[in-house]
Amino acid sequence: MLDERKTAILRAVVEEYITTAQPVGSTHVSSAPGVQVSSATVRHDMAVLEQEGFLIQPHTSAGRIPTDKGYRFFVDHLAPNGPLDEQTALQVGDFFNRAHGRLEELLSRTTDLLANLTHHAAVVVGPNAQAAAVRSVQVVGLSPRLAMVVAVLSNGQVENQTIELDHDTSEARLAAASTHLQATMVGKVLGSSTAAAPTGDADVDKLCVQALGALHQSGADNPVFVGGAASVANAFDAVDVVRSVLTTLEQQYVVVSLVRDVIDRGLSVAIGAEHGLEPLVSCSVVVKSVIVEGERLGTIGVLGPTRMNYPQALAAVDVVSDRLGRRLAEG
């Protein structure tokens, strides 16, 4: 454990580097709150912090920057996770008070909100459709051999999938399939059944099975929304780092696995190499589950450089997660 002065020095280095992105020298740190010693003493303590892995001296610069270990100490022991400032809190409240429409639109707009609040890339992983109850289901003809099955779910999602038919199918049979699916599936969890009870009409039964199969396929994955990628690009000077980060953010499966793994490990912040993804080794992730009636229905988070403003990111993620959970609970 660091003593009080070294802790104050580390805090000063981290906070200054987060603000300026420039190596921090002893002259600046010597006048920081809780330090108030000579530059020579600060240089000695900074050298000790470097030996212990909390700081590093890049190239031949006289200043130092935090390591992942230094950021971890800052997050675990020094970073206050206080409330958002009043103006930002009002912005979040106004957003959710006005939020209406389809779940997908809400999640997408929430991603944009979080990206704008933090100036980092934002990720929202929505609830899996398989766990939601069916409110309405219908099969709509698009052409004699093409139809669309549409299901409205209890969590606000609207699942739709186009299905190809073996032969020309009349509007009467499509209507019969819709009526049967409506009667047998409404109120049931989408993932609980892959087939409705038979009707006695082979064509209608086949259409129902095909429609439910399509819904299961479309609702098998958690919806993922990523926003603010340009902010991440602006945070790094090295082109290869930017390219690596943006490429990773485009891979939905990787993004979902990343936030799920961080949550499952009991973490709210994963710094640098802690999250185990080499392409994102220069990044940190701040995440929180979206809880509705005691059940985790999704996850939100931000991804940015390891020198991100952790107190602000933690506060924003906390508030947005809470308000999104309350909004989903309202339906």
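Every number in this text was worked out from the coordinates using simple rules, so none of it is lab data. Computed from a predicted model, the values in this text were never measured in an experiment. Backbone-built Cβ (ideal geometry, glycine too); neighbour counts: all protein chains shown.
Can you give the net charge of the other residues whose Cβ lies under 13 Å from the Cβ of P33, counting K and R as +1 and D and E as -1? Provide the component values of the computation, followed by the final result.
Numbers: positive: R5, R11; negative: E4, E15, E16.
So the environment of P33 carries a net charge of -1.
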Q: Subtract the Cα-Cα distance of V140 and A230 from 0.36 nm times their separation in residues, and report this length gain in nm to one decimal.
A: 28.5 nm
Q: Once you've got the GNM for the chain with C-alpha springs shorter than 10 Å, pick whichever of A147, A315, A115 has the biggest mean-square fluctuation.
A: A147
(Q) Give me the tail of P(r) for segment 211-331 as a percent: Cα-Cα pairs with distance above 20 Å. (A) 47 percent
Q | Alpha-carbon Rg/Rh ratio, for segment 82-164, with Rh computed the Kirkwood way | A | 1.14
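Can you list, largest first and rounded to whole Å, the semi-axes you get for segment 4-78 by taking the square root of 5 times each eigenvalue of its Cα gyration tensor? List each step's numbers first, then the result.
Working: eigenvalues 47, 41, 28 Å².
Equivalent ellipsoid of segment 4-78: 15, 14, 12 Å, largest first.
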Q: Pairs of Cα atoms under 8 Å, at least six residues apart: use those to get the relative contact order of the chain, whole percent.
A: 18 percent
Q) Separation between the D112 and S31 pseudo-spin-labels, each 7 Å from Cα along Cα→Cβ, expressed in nm? A) 4.4 nm
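If you add up the charges near E278, with Lys and Arg at +1 and Asp and Glu at -1, over every other residue whose beta carbon is less than 15 angstrom from its beta carbon, what do you get? Can you show the working numbers first?
Working: positive: R243; negative: D68, D240, D261, E274.
Within the 15 Å Cβ shell, the charges total -3.
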Q. Measuring from the lowest to the highest alpha carbon on each principal axis, how far does segment 130-218 reach, largest first, in angstroms?
A. 34, 25, 18
Q) Straight-line reach from K6: which lysines have Cα under 19 Å away, leaving out those fewer than 8 places along the same chain? A) K69
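Taking the Cβ of P144 as the center, what net charge do the other residues with Cβ under 13 Å away carry, scoring Lys and Arg +1 and Asp and Glu -1? Walk me through the numbers before you get to the answer.
Values: positive: R145, R173; negative: E164, D166, D168, E171.
Charge balance near P144 sits at -2.
According to the Cα gyration tensor, what semi-axes, each the square root of 5 times an eigenvalue, does the equivalent ellipsoid of the chain have, listed from largest to smallest in whole Å? Provide the component values of the computation, followed by the final result.
Working: eigenvalues 545, 69, 45 Å².
Each semi-axis is the square root of five times an eigenvalue, giving 52, 19, 15 Å.
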Q.
Only counting other Cβ atoms within 10 Å, I'd like M46, M1 sorted with the fewest neighbours first.
A. M1, M46
